Each structure stands twice: as structure tokens, then as C-alpha cells.
């Protein structure tokens, strides 16, 4: 058995052991936050309904709450004892709802205010990683007055242009010539005031789920993503059955370990907790992994990747959801530890 398999088995065994001792009544009345106001609302509804169904199947007193349809301040009237955050993107994954929950003294799944706010901003995230000597593609912030020729001179071609605060590949363009840059910027700027361009790393697209906090944080199995025409866009992420997901990746153990180590360091550098998912590109020429983004409220749809990694450890979707929620029992300060 490899080191990776052994660590994975230990995590799965710990989850099962902890759940076997869990008293469902201790969870109280649980709110599942879903929907919201971001461009990822549709995906959040899919994630949240999956989470809600899983909790109900386990006998949890769980209820949906959509802050996109109701004023978030109404959370206080619901008398929830804790909440599972299934919101993606702005107003749900950016520290805003986390701050409100802290004020309401409601424990919640996922990272706290600071880590959420850092991770949602791709530019600030990169600055944190670079300050910690963690590999991430070269980048620069674009404006309407950017010199497109200088951008290409700095970053090379192809390059990636995307909004700094959106996820799910919304507003993302792979730019292959300098003439394509103005349109790519306009598309991204239509979704966000901040736009980022980064060097496009050619190679394997990978993702690595992470759980825990600080010294107890650990990486789950790496997943290799093979989308149609090498285009992992919104459709291919959530609705296409053509996208392939390999777990195990088929890569050498030492490569998987390097990716896990990088992802874990990135997670810790941002101060993430409970769970997250790092997106990584593996350069096909050098074999070097590069960090792209950190997701602090990963998807939980039928195509989502954290449940896929958990399954490899023998942890079902419903057990994963319950275990994540159970982490909120460890804190009365508004966030799981």
C-alpha cells in the first residue's frame, strides 16, 4: 500500500469513527444556505438541495434558506443552531455571509471571514501565495487602459483572462492572440470590476480537496480532469457527461504527493478551515504544479469533486455532508475549527 492510500484510509476511518459517535440531536435545527445572489446561483441550488437531502436522510432537522429570495437578517428569526453553507461566489463565499453569521453567533461550515475574503479575490490570493513562495502562474490586473501588447510580452500566449471574484469559469477566456484581448477583457469586466490575466499553463488539469485546519489539515486524493476539447467551462463542469474525472489520477505517486503538498500549503497560507479545494495545473514540459485558485465553499453537485475524493476514501456523499456539519460542534465562535 502506498503512502497516499494509507493516509486516505486513515482519514476515511476517522470520519466513520466520529460519525458513529455523533448524536443527531446535538446538531439541533440546521439551516442549509443555498441559492444566493451570485452568478453561481444555479449551481448553489444544486449543491444545497443535495446537501439538504443528505442531511434529511440522516435524520437531521434541516431546512433550506435562500438569501437570494429572503433577507439574510431573517436568519435570526429561524432560530437555527448551526448552518451548512452551500453558497458559491459573491455574497456567500466571500466573507460577507460569514461575517453576518459571526454576529449572530451561528456556527457554520467552511472558512471564516478573512480566509473567505482572501480566497474569493484571485489577485490577493496570488499575492499571498507568492509571499509564501508557492508556485502560481504569472499574472497582472487588467484595466480598460492596459497596453495589450505589453500584457502579451509579460505573460506570453496563450493566456487566461477572467474576473477576479467569479468562479465556475464564468467570464473566462483563453486568449490565443493579442487581438482577442479587448473582447476577453470586456467579457470579464462585465461581471467584475477587477479583471486578471495570467499565463496559461499547458498540461494536466488537477484539483485537490482539503479538510481540517492548521496543523491538522490534510489533503484528500488528487483528481485529474479531462474535459472535451480541453475546455473545462461552465457547461463541461456541471452538465456534461463527456468530462472525465480520474481518481486515482494515473500519475506517479510522487507527482500526486507534490500536488497535495502544494495544495495543503496554499490552504494553510490563506488560513482556510473545515474544507476547501485547490485547483492546480501540472506543466507538461517541466512537471511542475502551479496553483490557480482556492475554493472555500466547494460544489456538492452530482459532478462535484470533493465528494468524488471522499468516495475514494470510502466516505459516502451523505456521510461527507454530515461530517462537515459535525465540525461546527467544535466551535461556538461562528466557524468550524
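Coordinate-derived values only; no laboratory data. The shown structure was predicted, so the numbers you read here are calculated from the model rather than taken from an experiment. Glycine gets a Cβ as well: all are built from the backbone with ideal geometry, and neighbour counts include every protein chain shown.
Would you please state which residues of the stretch 289-331 a label at residue 16 would reach in this model, taking the label point 7 Å out along Cα→Cβ and a backbone N cut-off of under 12 Å?
So the set is 313-316.
Taking the Cα centroid of the stretch 43-114 and of the stretch 238-277, what is the distance between the two, rounded to the nearest whole Å?
The stretch 43-114 and the stretch 238-277 have Cα centres separated by 25 Å.
Normalise the Debye intensity by I(0) for the stretch 123-272, one equal point scatterer per Cα, no solvent, then take log10 at q = 0.12, 0.21 Å⁻¹ and round to two decimals.
Each listed q maps to, in turn, -0.59, -1.40.
Using R₀ = 25 Å, calculate the FRET efficiency as 1/(1 + (r/R₀)^6) where r is the Cβ-Cβ separation of residue 242 and residue 53; round to 0.05.
Step by step, r from the Cβ atoms, then E = 0.45.
Among 71, 208, 272, which one shows the biggest mean-square fluctuation in a GNM of the chain, springs joining Cα atoms closer than 10 Å?
The residue that fluctuates most here is 71.
In cubic angstrom, how much convex hull volume per residue do the alpha carbon atoms of the stretch 139-199 span?
Cα-based convex hull of the stretch 139-199, divided per residue, equals 64 Å³.
Using only the alpha-carbon atoms of the stretch 233-322 as identical scatterers, what base-10 log of I(q)/I(0) does the Debye formula give at q = 0.14, 0.17, 0.21, 0.25 Å⁻¹?
-0.58, -0.87, -1.31, -1.51
Residue separation times 0.36 nm, minus the C-alpha to C-alpha distance between residue 63 and residue 25: what's the value?
Contour length minus the Cα-Cα distance gives 12.2 nm.
From the helices alone, meaning DSSP H stretches of at least four residues, give me the mean residue ellipticity at 222 nm for the chain, per-run term -39500 (n - 2.57), in deg cm²/dmol to the nearest 500.
Result for the chain, helices only: -10500 deg cm²/dmol.
Take the Cα gyration tensor of the stretch 7-138, multiply each eigenvalue by 5, square-root it, and list the three semi-axes largest first, rounded to whole angstrom.
So the equivalent ellipsoid measures 27, 22, 14 Å along its semi-axes.
Between residue 114 and residue 284, take the C-beta separation as r, use R0 = 45 Å, and let me know the FRET efficiency to the nearest 0.05.
About 0.80, to the nearest 0.05.
Highest GNM mean-square fluctuation, the chain, Cα pairs closer than 10 Å: which of 49, 256, 132?
132
When you take every Cα atom in the stretch 11-66, what is the radius of gyration, and what is Dmax, the widest Cα pair distance, in Å?
Taking only Cα atoms of the stretch 11-66, I get Rg and Dmax of 13.5, 39 Å.
Select from 190, 89, 276 the residue whose mean-square fluctuation is largest in a Gaussian network model of the chain (Cα-Cα springs shorter than 10 Å).
Highest fluctuation among the options: 190.
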